[in-house]
Amino acid sequence: MALILCLETATTNCSVGLAKDGKLLFLKEDNSKNYSHAEKLHVFINEVLQEAGVTTKDLDAIAISKGPGSYTGLRIGVSSAKGLCYSLDLPLISVPTLDLLAAKLKAENGIIISMLDARRMEVYSAVYNSNLEQVRDTQAEILDESAFVEYLEKSKVHFIGNGVAKFEEICKHPNAVFHTQQYPSAKEMAEIAELKHQKSDTEDVAYFEPYYLKDFIAG
């Protein structure tokens with residue numbers, strides 16, 4: 001049982017949650033078109049703590065969305081999380097960003113594919129069964145009409161994330177269900193972070209780095 005501060009900064013959604021025993025208590029987030037993380041992340045942290053009537057000294061752990069996602073967003077979130085862990089001597093818990101997207105869906109059957117925009121026709125994606133168990137490795141891949149056909153031919157496939165809109169334009173398979181403009185949030189991090197905390201599934205604060213999946217290309 002733990003009081004965990006949850007930070008999600010992998011996309012344009014700057015999201016901060018406070019969870020106790022796996023239940024979300026407070027949530028502050030802003031999904032502006034432009035990244036607001038540098039200006040709002042620490043403001044949101046202070047606000048959720050104040051609303052809960054607690055201080056950083058009451059926290060048991062910090063949870064961070066590890067990626068893949070925006071290089072800048074991930075850097076800001078991970079740096080903030082590591083700084084808090086260092087100063088407060090708290091464990092750091094990392095949660096795969098695509099897991100958070102999949103957790104938004106409660107599909108009774110079929111497959112869930114989390115999909116984050118990676119510019120042009122490329123996405124970061126991961127595949128899950130209806131129990132939210134990952135059944136294919138996370139990949140960076142270029143979309144075309146035949147993408148994910150091996151899953152679409154077998155069952156309903158729920159596509160979720162901010163990379164879905166461009167796939168919807170080219171995928172006409174009747175088994176495809178599109179959940180567009182969905183973003184990872186600290187809201188879904190609460191239960192996952194609590195389970196990791198119970199198992200002491202934490203990161204080495206000194207060496208932990210975001211999961212970028214592919215090298216940064218400026219331009």
Candidates 72, 9, filtered to the one that is at pLDDT below 95, in contact with a His (Cβ under 8 Å, 6 or more places away or on another chain), closer than 30 Å to residue 123 by Cα and β-branched (Val, Ile, Thr): 72
Residues that are under 20 Å from residue 199 (Cα atoms) and either touching a Ser or Thr at 6+ places or on another chain (Cβ under 9 Å) or basic (Lys, Arg) (or both), drawn from the stretch 86-102: 90, 91, 92, 93, 94, 95, 96, 97, 99, 100
Residue match in the stretch 29-39 (condition: surrounded by 19 or more Cβ atoms within 10 Å (Cβ to Cβ), in contact with a strand residue (DSSP E or B) (Cβ under 6 Å, 6 or more places away or on another chain) and at pLDDT 95 or above): no
Selection from the stretch 25-43 of residues that are more than 18 Å from residue 90 (Cβ to Cβ) and either hydroxyl-bearing (Ser, Thr, Tyr) or assigned to a helix (DSSP H, G or I) (or both): 32, 35, 36, 37, 38, 39, 40, 43
Residue match in the stretch 143-153 (condition: within 22 Å of residue 210 (Cβ to Cβ) and of a type outside the set (A, V, I, L, M, F, W, C)): no
Lone unmet requirement of (1) surrounded by 13 or more Cβ atoms within 10 Å (Cβ to Cβ); (2) within 20 Å of residue 74 (Cβ to Cβ); (3) not aromatic (Phe, Trp, Tyr) for residue 177: (2)
Exclusive hit being crowded, with 21+ Cβ neighbours inside 10 Å, at pLDDT 95 or above and over 30 Å from residue 82 (Cα atoms), set 123, 149, 157: 157
Residue in the stretch 26-37 that is in contact (Cβ under 8 Å) with a residue 24 or more places away in the chain and of a type in the set (Lys, Arg) present: no
Selection from the stretch 86-121 of residues that are farther than 16 Å from residue 64 by Cα and charged (D, E, K, R): 104, 106, 108, 117, 119, 120
Yes/no for residue 93 being modelled with pLDDT of 95 or more and over 28 Å from residue 207 (Cβ atoms): no
Subset of the stretch 9-35 (residues that are of a type in the set (Ser, Thr, Tyr) and under 15 Å from the mean Cα position of the chain (by Cα)): 9, 11, 12, 15
Residues of the stretch 97-131 classified as in contact with a strand residue (DSSP E or B) (Cβ under 7 Å, 6 or more places away or on another chain), farther than 17 Å from residue 12 by Cβ and of a type in the set (A, V, I, L, M, F, W, C), total: 9
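The values are calculated or read from the model by the stated rules, or taken from the named source; none is laboratory data. Since the structure is predicted, the reported quantities are computational estimates derived from the model, not experimental observations. Counting neighbours? That spans all protein chains shown, and the Cβs are built from the backbone with ideal geometry, glycine included.
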